[in-house]
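See below for the structure under consideration.
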Amino acid sequence: NLLRVIHRAKIEGIARETSVLMQRARSESVRQNVPTVVRVDLARSEIVAFADVDGPALGDAPDGLFNPVAGEPHRTTDYELGRYTLPNNVLFQAPAADPDPVPVKGFTDAGPDKVAIFDPNGSIRDTGAIRYADQRGNFLEVRVTPAATARVQLRKWDADLIDWQTRNQDDKPWVWL
């Protein structure tokens, strides 16, 4: 029915936007020769990507936190690459049956959050995943692995297999609730 299609489009849309944001952050890191960061803000239901040019003051080493220095020219201090807010009825959440049911799994500790940090050589410092849920019990994750190539994959939770699966993995299509 139409409502099912709308719910599916919302969760798939934000997961795909996250995939593109991850790929954009990796590309910007390589092109500009600076680390880039993708951070999940659970409190604001947002995902944000930025170039981590420096720390709290100009000339400080990158710190994984978004702290642009006021008055500095673009690209000489931290700058935002993109920001997405979760659509209605979509949450950062993992299935309870997952062995590690956290909305942000892995990645690098930076302050209070775990963040995906892409280095200028195209790698990611620590692999991980961002997980989404809708109100119908569907779960998607955007996984970045292996560290050396930082490949971004979109996977769906399969309750029958109790595991995350890529689309048509082992010739099994995704089942939507």
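Worth pointing out:
- Qualifying residue in the range 88-99 (condition: under 23 Å from PHE118 (Cα atoms) and of a type in the set (Asp, Glu)): no
- Residue list for the range 115-127, filter: small (Gly, Ala, Ser) and within 12 Å of ARG39 (Cα to Cα): ALA116
- Verdict on TYR132 being of a type outside the set (Gly, Ala, Ser), closer than 16 Å to THR18 by Cα, surrounded by 19 or more Cβ atoms within 10 Å (Cβ to Cβ) and modelled with pLDDT of 95 or more: yes
- In the range 45-64, the residues that are at positive phi reach residues that are aliphatic (A, V, I, L, M) with C-beta atoms within less than 7 angstrom, at least six apart or across chains, in these pairs: SER45/LEU86; GLY64/VAL37; GLY64/ALA110; GLY64/VAL115; GLY64/ILE117.
- Evaluated against (1) assigned to a strand (DSSP E or B); (2) over 12 Å from the mean Cα position of the chain (by Cα); (3) of a type outside the set (A, V, I, L, M); (4) within 22 Å of ASP134 (Cα to Cα), HIS7 falls short on exactly one condition, (1).
- Looking at the range 91-177, the strands (runs of 3 or more DSSP E) lying wholly inside it that each contain 3 or more residues that are out of contact with any Ser or Thr (no Cβ under 7 Å at 6 or more places or on another chain) sit at 108-110, 128-134, 139-144, 152-158, 163-166.
- Some residue of the range 150-166 being touching a helix residue (DSSP H, G or I) at 6+ places or on another chain (Cβ under 8 Å), within 25 Å of ARG24 (Cα to Cα), among the small types (Gly, Ala, Ser) and modelled with pLDDT of 95 or more: yes
The values are calculated or read from the model by the stated rules, or taken from the named source; none is laboratory data. Because the structure is a prediction, the values reported are computed rather than measured. So basically every Cβ, Gly included, is an ideal-geometry build from the backbone, and we count neighbours across all protein chains shown.
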